[in-house]
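Peer 1: Sharing a structure below in structure tokens format, with a few things to ask.
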Amino acid sequence: MVRSRLGTLAGLALLALAFLPGCGSPGGGPSRLAGPPAKVLMVKSYVLLSLVAQDKQLAQTFADRTIYVLGTNGPKATTPTVPGLAGAVVPTADYTSYAAFAADVASRRVPRSAGAVLFDIEKWPATPLTEQQNPKPYMMRFSALARAHGLFPILAPARDLVLVQGASCQKQAGEDLARAYLRCGLAGADARAGVLVVQSQVDQSSVAQYHQFVVHAARQARAGNPHVVVLAQLATAPIGRAASLAELVTAARSVSESVQGFSLNAG
């Protein structure tokens, strides 16, 4: 079991998501940590490194899984390798702007170790306004540019893009963000996209809402690209509210048949 001295909620959640239903931990821990059979995980490198460092046996838990490890570029970049991990680790560069990604590609600044690139496009200063206003064309450009340079594209469009002033598709009166996101087709992955991350974490405390949104988003993503991998997002502190391990695992289990894995936002 994860030791309380080093174990964090993020580490516990990641470990739980890696377990198959009904299985306990490698050290004989309780089955309460059993989670969905996630074949793909995405997480910040420090969470994974901390988890594996505390107990080498835990590394075997991730066998036969693909883990996209964020934190391989930018000012807070960390070592992309995770020694002794049983699963496939893919160092992933994180971008909030197509323009920034294109500039890095042109200047050969994308880390050579990166095997994948994430486009985290949201309504925030980190993403240029023109990209916020036209998210689908820029996601398509991002995927195409990534593929052209041998990188695996991961798209993570936020729901708040429908609130951007002057956006090509906006939230309508009486409509919530989830419905607007789906109506605007933001989950519709293009043919070159490798992974579509559904930013569903804000709903994780309500299993019914979480399930409904993720299931519909996953269907939309696969309608545009039958081969895309769909990940549902979970967070240790969505909107600043601390989540419990039970909340994370319960939400994950509710969509385990609709997605291939999860993205864990450790705040």
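The values are calculated or read from the model by the stated rules, or taken from the named source; none is laboratory data. A quick note: this is a predicted structure, and the numbers were derived from the prediction, not measured. Please note: Cβ atoms are built from the backbone with ideal geometry, for glycine as well, and neighbour counts cover all protein chains shown.
Peer 1: Select, from D94, D64, the only residue that is modelled with pLDDT of 80 or more, acidic (D, E) and not in a strand (DSSP E or B).
Peer 2: Working: D94 fails: not in a strand (DSSP E or B).
Criteria check complete, one pass: D64.
Peer 1: Something else: Got a number for residues in the range 101-117 being polar (S, T, N, Q) and at pLDDT below 95? Give the steps one after another, and end with the answer.
Peer 2: Pass one, the range 101-117, residues polar (S, T, N, Q): 107, 113.
So of that shortlist, the ones also at pLDDT below 95 come out as 113.
Total meeting the criteria: 1.
Peer 1: Looking at the structure I just gave you, is S206 more than 15 Å from the chain's Cα centre (by Cα), surrounded by 16 or more Cβ atoms within 10 Å (Cβ to Cβ) and more than 20 Å from Q132 (Cα to Cα)? First the steps, then the outcome.
Peer 2: Numbers: more than 15 Å from the chain's Cα centre (by Cα): yes; surrounded by 16 or more Cβ atoms within 10 Å (Cβ to Cβ): no; more than 20 Å from Q132 (Cα to Cα): yes.
Answer is no for this residue.
Peer 1: Can we say A148 is among the hydrophobic types (A, V, I, L, M, F, W, C), within 30 Å of A88 (Cβ to Cβ), touching a helix residue (DSSP H, G or I) at 6+ places or on another chain (Cβ under 9 Å) and surrounded by fewer than 19 Cβ atoms within 10 Å (Cβ to Cβ)? Give the steps one after another, and end with the answer.
Peer 2: Working: among the hydrophobic types (A, V, I, L, M, F, W, C): yes; within 30 Å of A88 (Cβ to Cβ): yes; touching a helix residue (DSSP H, G or I) at 6+ places or on another chain (Cβ under 9 Å): yes; surrounded by fewer than 19 Cβ atoms within 10 Å (Cβ to Cβ): yes.
Yes; evaluated as a whole, the condition is true for this residue.
Peer 1: From the residues in the range 183-194 that are within 18 Å of Q132 (Cβ to Cβ) and surrounded by fewer than 19 Cβ atoms within 10 Å (Cβ to Cβ), which one is farthest from the chain's Cα centre (by Cα)?
Peer 2: Selected residue: R183.
Peer 1: Filter the range 189-245 for residues that are acidic (D, E) and either closer than 19 Å to E175 by Cα or outside any loop (DSSP other than H, G, I, E, B) (or both) and give the result.
Peer 2: Initial filter on the range 189-245 (acidic (D, E)): 190, 203.
Passing the criteria: only D203.
Peer 1: Which ones in the range 37-61 are within 12 Å of A13 (Cβ to Cβ) and either modelled with pLDDT under 80 or part of a loop (DSSP other than H, G, I, E, B) (or both)?
Peer 2: A38, L51
Peer 1: Please count how many residues of the range 124-133 are surrounded by 19 or more Cβ atoms within 10 Å (Cβ to Cβ) and either part of a loop (DSSP other than H, G, I, E, B) or of a type outside the set (S, T, N, Q) (or both).
Peer 2: The total comes to 2.
Peer 1: Which of the following residues is within 26 Å of A148 (Cα to Cα) and either surrounded by 23 or more Cβ atoms within 10 Å (Cβ to Cβ) or hydroxyl-bearing (S, T, Y) (or both): V255, V259, V197, V214?
Peer 2: Working: V255 fails: within 26 Å of A148 (Cα to Cα); V259 fails: within 26 Å of A148 (Cα to Cα); V214 fails: within 26 Å of A148 (Cα to Cα).
Among V255, V259, V197, V214, only V197 is within 26 Å of A148 (Cα to Cα) and either surrounded by 23 or more Cβ atoms within 10 Å (Cβ to Cβ) or hydroxyl-bearing (S, T, Y) (or both).
Peer 1: Within the range 224-231, is there a residue that is farther than 20 Å from L41 by Cβ and modelled with pLDDT of 95 or more? Talk me through it step by step, then tell me what you get.
Peer 2: Start the filter on the range 224-231 by keeping residues that are farther than 20 Å from L41 by Cβ, which leaves 224-226.
From what is left, the residues that are modelled with pLDDT of 95 or more are 225-226.
Checked the range 224-231: at least one residue is farther than 20 Å from L41 by Cβ and modelled with pLDDT of 95 or more.
Peer 1: In the range 80-87, is there at least one residue being part of a loop (DSSP other than H, G, I, E, B), under 22 Å from the mean Cα position of the chain (by Cα), among the aliphatic types (A, V, I, L, M) and at pLDDT below 75?
Peer 2: Checked against the condition, which is being part of a loop (DSSP other than H, G, I, E, B), under 22 Å from the mean Cα position of the chain (by Cα), among the aliphatic types (A, V, I, L, M) and at pLDDT below 75, the range 80-87 yields at least one hit.
Peer 1: Checking A252 against (1) under 23 Å from V43 (Cβ atoms); (2) among the small types (G, A, S); (3) more than 17 Å from the chain's Cα centre (by Cα), which test does it fail?
Peer 2: Result: A252 passes all but (3).
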